[in-house]
Each structure stands twice: as structure tokens, then as C-alpha cells.
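Structure first, then comments.
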Amino acid sequence: MFKNKKEILNAPFVQDMCRATANMYRQGWDERNGGNISYMLDEKDVAEYLDVTKVIREIPTGFDAKALAGKYFIVTGTGKYFKNVEIDPENNLGIVRISADGSKAELLWGYSDGGKFTSEFPAHMMSHIQRLAVDPNHRIVMHSHPTYTIAMNAVCPIDEKDFTHKLWQSNTEAIVVFPDGVGVLPCMVCGTNEIGEATAEKMKNFRLVVWSNHGIYGTGKDMDEAFGLIETVEKTAQIYMLALGHTLNVIPDETLKALADRFSVHPLDGVLSV
Ligand code: 13P
Ligand code: ZN
């Protein structure tokens, strides 16, 4: 009856996951199993490739995900290496649907060695809930460990307005790409519901959230938006760190304001002094 389903490995959403994880690995952001991605899918797109009535197994979510009941996600597996996703998508990725009561993820494809979704599933799902509330086109939550962004946490106060300002001052692209700024959390224990709740709280206002001494979250309507946000923060953090201790010139607030005006973006309130 489902003989005519298309080959799942050719699905654009599987290919997107393979490309994004490979690019992130090659950027040097995602060592070993570092980083994770979740991508919300439409049922009609999944149903072109899979029999959505066929649940392989159920995996407890570990938190109340009822707000996402019936929603479909393709998610990287816990302990899986980004460099390996493109080689073996079916083992390193999984497609799940959140159960009606929000307590389980129904596995429809993937995690073929018996694995499960990322340990940061709570942070991802809670972030999806918040970002969808702000932007109905939201689809992607991407977590990564980019080097210079983490290095900035060692030399900057844990203060999101100060962190945002330092980035904006270092590279004219920064205020244009993320005028809404970067949320910053202190160093917390990862893989917990607590860090998930704290991240989601920041996601009410930010598309980007830094986990101090750990990494960053980027979100967006597609892979390019989430990747592009993280990429621009990391490039800017690299400039900041390369110049640290030698800095003679930063972009003045007047110029930052003029850049925001020129590109018709509203800078996060309370950062610029003009
Ligand atoms: P997972 O292997 O569980 O995805 O964890 C990687 C990570 O980045 C933890 O924050
Ligand atoms: Zn991490």
C-alpha cells in the first residue's frame, strides 16, 4: 500500500540536515558529538516518504512537550558525530512525532542502532515552542560549539547587552545580521530541563542564545538563517578575539546607529548610547 513512497534519503529535509552538519563540522565548530540540530517538518512532507502510522518505538521526552503534540521533527542523535551524518543519515538522525500527551517521541525513522535524540532535546523543543510563538515561520533550532564565541566568554562579562555591543563594535555586518542581539546564559549544566527552560526564556526575545563556556543556539525559518546567524557571530567573535589587547578602533555608536538606519533594522534597546 505504501510501495510508492519516495526514497527518504533524497528528501530535502534529510539532505538539509546532512549538508548543515557537514558544513558545521568543516567549520571546526562541532568536535566529536558536539552540537545538535532539530528541524520541524510538515506532516504532508514526511508522509511523501514514510508511513506515518508506523511507529518504530516510543522514546520518553522527559518533560511536558504537549504544546508540540502531533508535530514532526528531524533531530540529530545523541552521541553522534556531525562528521558522520552525511555518511549514514539513518543511524545519526531520527524523525519523531510528539505524542498527544507530550510525554513521548514516536520514532518514525532513524536512530537505527537503537539510539535516541540529542541530550539537548528539552532545550530544542522548548525553544521551538517559544520561537513559534514569536514567528510562525520558525522551523530550525541549531546548537553548536564555535571556538571564538566560547573564547569570548572567558574574557567578557556575562552580560548580553555588553556582549552584543562588543560584537556590533567589531564588524559592520553584526548589527545588520543580528540587530535583535545575542542572549547570554551563564555556564549551566547542559542536557537538563533547567537549561532548556532558561534557553527558551531567552528565545522569547532572541534568535541567538549563548551558553557561556559551552556554545551557542541559533534559530530560524530555514537552515541558512540559523547557520548564517551563528556564522556571523562566530566570524565577529574571531575578529574580537584576534584584536583583543591590541584594539585601537571600534565602530562608534553613531556609526552603528547609521548602519541600522541604512539597513532599516531596529537595534536591541539599551545597547547603543545614541
Ligand atoms: P548530544 O550528543 O547529546 O547531541 O550532545 C552534544 C552537545 O553539544 C551537548 O550540549
Ligand atoms: Zn553542546
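The values are calculated or read from the model by the stated rules, or taken from the named source; none is laboratory data. Since the structure is predicted, the reported quantities are computational estimates derived from the model, not experimental observations. Ideal geometry is used to build each Cβ from the backbone, glycine not excepted, and the neighbour counts take in all protein chains shown. Quick note on the areas: whole protein, heavy atoms, side chains included, nothing else; ligands and nucleic acids left out. Shrake-Rupley method; radii C 1.70, N 1.55, O 1.52, S 1.80 Å.
Kindly check whether there is at least one residue in the range 175-184 that is away from ligand 2 (no atom under 16 Å from the Cβ), out of contact with any Lys or Arg (no Cβ under 8 Å at 6 or more places or on another chain), open to solvent by 10 Å² or more (accessible area, probe 1.4 Å) and closer than 21 Å to Met24 by Cβ. Scanning the range 175-184, I find at least one residue that is away from ligand 2 (no atom under 16 Å from the Cβ), out of contact with any Lys or Arg (no Cβ under 8 Å at 6 or more places or on another chain), open to solvent by 10 Å² or more (accessible area, probe 1.4 Å) and closer than 21 Å to Met24 by Cβ, so the answer is yes. Scanning the range 158-186 for residues that are assigned to a loop (DSSP other than H, G, I, E, B), touching a helix residue (DSSP H, G or I) at 6+ places or on another chain (Cβ under 8 Å) and not β-branched (Val, Ile, Thr) yields Asn171, Phe178, Pro179, Gly181. Restricting attention to the range 187-214, the residues that are away from ligand 1 (no atom under 16 Å from the Cβ) and either among the aromatic types (Phe, Trp, Tyr) or in a loop (DSSP other than H, G, I, E, B) (or both) total 4. When Lys221, Lys235 are checked against the criterion of being over 19 Å from Trp29 (Cα atoms) and not polar (S, T, N, Q), a single residue qualifies: Lys221. For beta carbons closer than 6 Å, sequence separation of 6+ or different chains, a first residue in the range 1-30 that is polar (S, T, N, Q) and a second that is surrounded by 11 or more Cβ atoms within 10 Å (Cβ to Cβ), the qualifying pairs are Thr21/Phe82; Thr21/Val85.
Of everything in the range 213-259, what is crowded, with 18+ Cβ neighbours inside 10 Å, among the small types (Gly, Ala, Ser) and over 14 Å from the mean Cα position of the chain (by Cα)? Give them in sequence order. If the condition is that a residue be crowded, with 18+ Cβ neighbours inside 10 Å, among the small types (Gly, Ala, Ser) and over 14 Å from the mean Cα position of the chain (by Cα), then Ala237 is the only one that fits.
Inspect all residues belonging to the range 89-100 and state whether any of them is closer than 26 Å to Gly28 by Cβ, out of contact with any strand residue (DSSP E or B) (no Cβ under 7 Å at 6 or more places or on another chain) and either open to solvent by less than 40 Å² (accessible area, probe 1.4 Å) or not hydroxyl-bearing (Ser, Thr, Tyr) (or both). Yes. For the range 139-152, a residue qualifies if it is over 11 Å from the mean Cα position of the chain (by Cα) and open to solvent by less than 20 Å² (accessible area, probe 1.4 Å), and the qualifying residues are Pro146, Thr149, Met152.
For every residue, the table says whether it meets (1) surrounded by fewer than 17 Cβ atoms within 10 Å (Cβ to Cβ); (2) on the phi > 0 side of the Ramachandran plot.
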| site | (1), (2) |
| --- | --- |
| Ile8 | no, no |
| Asp16 | no, no |
| Tyr25 | no, no |
| Arg32 | yes, yes |
| Asn36 | no, no |
| Met40 | no, no |
| Asp45 | yes, no |
| Tyr49 | no, no |
| Ile56 | yes, no |
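Residues in the range 58-77 that are within 16 Å of ligand 1 (Cβ to nearest atom), farther than 23 Å from Pro12 by Cβ and either in contact (Cβ under 8 Å) with a residue 60 or more places away in the chain or open to solvent by 60 Å² or more (accessible area, probe 1.4 Å) (or both): Pro60, Thr61, Gly62, Phe63.
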